1. What does a probe at Asn123 reach in segment 77-99, counting residues whose amide N is under 19 Å from the point 7 Å along Cα→Cβ?
2. If the chain between Glu279 and Ile69 were fully stretched, how many nm would it gain, using 0.36 nm times the residue separation less the Cα-Cα distance?
3. What are the extents of the Cα atoms of segment 67-133 along their three principal axes, in Å, largest first?
4. Just the Kirkwood number for segment 286-405, please: inverse of mean 1/r across all distinct Cα pairs, in Å, one decimal.
5. Could you compute the FRET efficiency for Val311 and Val346, with r as their C-beta to C-beta distance and R0 at 30 Å, rounded to 0.05?
6. What distance in nm lies between label points placed 7 Å from Cα along the C-beta direction at Glu253 and Arg370?
7. Please give every one of the aspartates and glutamates within straight-line cross-link reach of Lys161, meaning a C-alpha to C-alpha distance under 14 Å, and leave out same-chain neighbours fewer than 8 residues apart.
8. How much length, in nm to one decimal, is gained on full extension between Asp58 and Asp137, taken as 0.36 nm per residue of separation minus their Cα-Cα distance?
Amino acid sequence: MEHEKGELVSSPSSETRALFFFPLLPFLLLGSYSWLSGCAAPGEPMERKPQVPTAITDLAAHQQGNDVILTFTLPQDTVDHHPLKKTSAIEIYRGFDPPATLTSAVHEPLFLILTIPPAMVANFSEKDRVHVVNLLDSNDLAPHIGWSASYAVRTRASAKKESADSNRASVRVYPAPDPIADLKTEVTHSGVILTWTPPQRTIVGSAPPIAAYHIYRSEAVPQLQPETLPTASESVGGVPKLKALGRIGESPEPKFQDMQVEFAKTYVYAVRSLAQYPEVALESADSNLAMVTPRDIFPPAAPLNVTVVPVPAQSGHPAYLDVSWAISPETDIAGYNVYRSERDGVSGARSNSELLLTPAFRDMNALPGRQYVYTATAVDRAGNESPASAPASGSIPLDGQPTKP
């Protein structure tokens, strides 16, 4: 493989050491001791063979946005099957193959584009894998749309000699749509609604057709106290701490509703556009991050079908008014309140001291001969109270008066 190499830092040359010659006679007198020892004479130069790492064999490449992400495993041994004594430097090479040569064994030459010194290798490593991002700019993409970007990696434990080339990793490259910049969130009773503006450009021209949008979400692990968390969506310049973004859905239009959320949890969203090219579908880079902590500020619906039925006195128990209504279909209802008034259009005071767990109330304080107007409300577990129901009226008849149904 032909390479154009950048400048390498050379290690200092070894000092030339003087050779000392001794008379032969003392060695003869010492007998076999010196010959069996195998030791070189003092001052004799010792040639040190440079460590040469084994070649990388698992280089892989894929495009994300306008980045090509390279992953590989660093060698741990030398070609002589000895452990490497120190971290090796990394050299990244790249070239572009035109589409006509994609099925050919002949490749364009590769050129050195990045050197990572040993002290910086840990910044690119996660566990046993190295991750290197090569950003393709307009000068790279404009003349090479649809070409294959080919990569190879060498490692170097010594300035004298580097490893052999890794396997070649190639990927067809295209300009990705510009990242979405205006992702917004809106909290509703049924979930979080995401909206954004479709991208119009790439770094080299107009955006290709957008096939779909991929929706990503993570839960934030805030360093703030719960009462200080934001209650509305906001762009995140630096989220305190994030779990990894995971894809949760896809949308054909610039809108998505996430119904799988829990109130009081903090979520971070990103959206990627999926551009459709003749050979590949390419995701853009992440949009701006949008963080939101949904709060349940949405009251339940008002109760329906409130009825008031007078119950006459019997067996020593006074007469009372029985107020009931339809049970709420909502799943987070904590209970109900009943309000009583003696005038239409006035809500009056609450009759129950504690939330009613069932949709019924006995008004034992109603006086015979008086007309009462009742309304009911539902209260959810977050403490939100519904609007009042439609009013219903009733009265306990005076003695001798017929009871109204």
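1. Inside the label zone: 87-93.
2. Gain in length upon complete extension: 73.7 nm.
3. 43, 30, 19
4. 15.8
5. 0.75
6. Computed distance between label sites Glu253 and Arg370 equals 5.6 nm.
7. Those aspartates and glutamates meeting the cut-off are Glu7, Asp80, Glu91.
8. 25.9 nm is the gain from fully extending Asp58 to Asp137.
The values are calculated or read from the model by the stated rules, or taken from the named source; none is laboratory data. Quick caveat: nothing in here was measured; it's all calculated off a predicted structure. As a convention, Cβ positions derive from the backbone with ideal geometry for all residues, glycine included, and neighbour counts pool all protein chains shown. These accessible areas exclude ligands, DNA and RNA; they are computed on the full protein's heavy atoms, side chains included. Shrake-Rupley method; radii C 1.70, N 1.55, O 1.52, S 1.80 Å.
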